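Derivation of every value follows stated rules applied to the coordinates shown; laboratory data play no part. The structure displayed is predicted, hence computed values, not measured ones. Don't worry about glycine lacking a Cβ; one is built from the backbone with ideal geometry, like all the others, and counts go over all protein chains shown.
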Amino acid sequence: MVEEKEATIETETERNWADLLPELFPLILKNLCDISDFIRYRAVCKTWCLSSSISDLPPQFPWIVKVSEGPNLEFYSIALKKLYTIRSRCSSDKSLLGSTGSYMLTKQYGKPDSYSLLNPVSNSEVPLPVLHVCNLIWFPRMFTWYNPLSFQRDDYVFNTEMERLDGCKLDDDRWNIIRAGGRGSQYRCYYFKDLFFRVDSYNEFTKVMDSSSHKELYDIPPPKYKKTYEKSLRGPYLVESCGEILSVSHNHSYEWTNFKFSIHRLEFGNGKRNPCWVELSSIGDRILFFEITETFGRGFSLRVSDFTEFKGNCIYFINRLQALQSGYLHMYDIENSKTILIDTPFAPFDLKNHINHITWFMPTLKLI
């Protein structure tokens, strides 16, 4: 009887997690690299939750998400090879349109101008200001984000192929409109560091405009490609990477299984000469992430130093070209010019089958 009582007391003591020595909390947090483990840690009890800050969560390797109507969303962690199902707060009167960094873009049924950003991980939602100056049919397609690790409100912008960019700073509860001259559908538009870039789809010249003064600063000739890149060349797509602007183009084999990428860095020349593109044979310890369709290429960049289990100098890309109807995930080894198909729950190896619409998602608990 005494032994049973002692065992009961010992069990109760072991389960009293709130009495854990405070000096042990940092040791536990140090080993919680995945956001799912971090969330479980904070859910143990109030003491554990207060012992940690959202800023304690290390950078997360991007997930891929299968876009669906919800409410259950499926996410796949490439790093851990785990599939997560998260029930979104999106009610029956809203539809999920796709991922924009760490948020899902949602639209309310029956209200064509009612959009919001939903973070299914933190269960937070941010309404977007109403946009009156363009055809909203393009909004889900052209709404995007940049600089994913900062998670700032003004990283979210709306840019169209109609030679204008609509930038939104959510803390102002309005859209800051930037116009760049006449209209036309031949431009791919990008926004980096308060600069507005327009890549002409016909001659591949890049026009650079200051977003504050609306002054056009440069008209940059296209990169010079090697002959091996000329056939079936797609792009260029621009991406900001560690403070640099990179131009990325690619071609592919007839079977759409092998790709070859061409990467150039924009050199501004310290104002002494017109900026130009310089070819790169390596991007060092960086990893580029792209989602490529027929009309645009969205990209972002991370440093491999934050993810020791991965190697740098490579490109992860979701191929959503029409030839495949939807998307497969590939990894391109820049050094060896080798394309590897990444196995995921969303993309079977049979390239003839229709597969789910997948896109990148940056898991975070931070609020924008």
Can you list the trypsin sites (Lys or Arg not before Pro) in region 37-127 that are in a DSSP coil and have 11 or fewer other beta carbons within 10 angstrom?
K81
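Report the gain in length on full extension from L341 to V130: 0.36 nm times residue separation, minus Cα-Cα distance, nm rounded to one decimal. All intermediate terms of the calculation are to be shown ahead of the outcome.
On the way: separation 211, 0.36 × 211 = 75.96 nm, distance 4.02 nm.
Gain in length upon complete extension: 71.9 nm.
Output the peptides 301-313, 52-64 sorted from most to least packed, where packing is the average of other Cβ atoms within 10 Å over each peptide's residues. Don't skip to the answer; put the middle values down first.
On the way: 301-313: 15.4, 52-64: 17.8.
With the highest mean Cβ count within 10 Å placed first, the list reads 52-64, 301-313.
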Amide H of S241 versus every other amide H placed in the peptide plane: which residues, excluding those fewer than 5 positions away on the same chain, fall under 5 Å?
L246
Ordered by fewest other Cβ atoms within 10 Å, a rough proxy for footprinting exposure, M331, M209 read M331, M209
Residue-by-residue Karplus 3J(HN,Hα) for region 47-61, coefficients 6.51, -1.76, 1.60, Hz, glycine and proline x:
4, 5, 5, 6, 7, 10, 10, 4, 5, 6, 6, x, x, 9, 6
What list of ³J(HN,Hα) values in whole Hz, one per residue of region 299-313 in order, does the Karplus curve 6.51 cos²θ - 1.76 cosθ + 1.60 (θ = phi - 60°) give from phi, with Gly and Pro shown as x?
x, 8, 9, 9, 8, 6, 4, 7, 9, 5, 7, 10, 9, x, 6
Any residue on another chain or 5+ positions along whose placed amide H is under 5 Å from the amide H of L128 is listed here as Y115, S116, L117
Under 5 Å between amide H atoms, partner at least 5 residues away or on a different chain: which partners does Y328 have, H built in plane at 1.01 Å?
N319
Please order F75, F317 by the number of other Cβ within 10 Å, starting at the fewest.
F75, F317
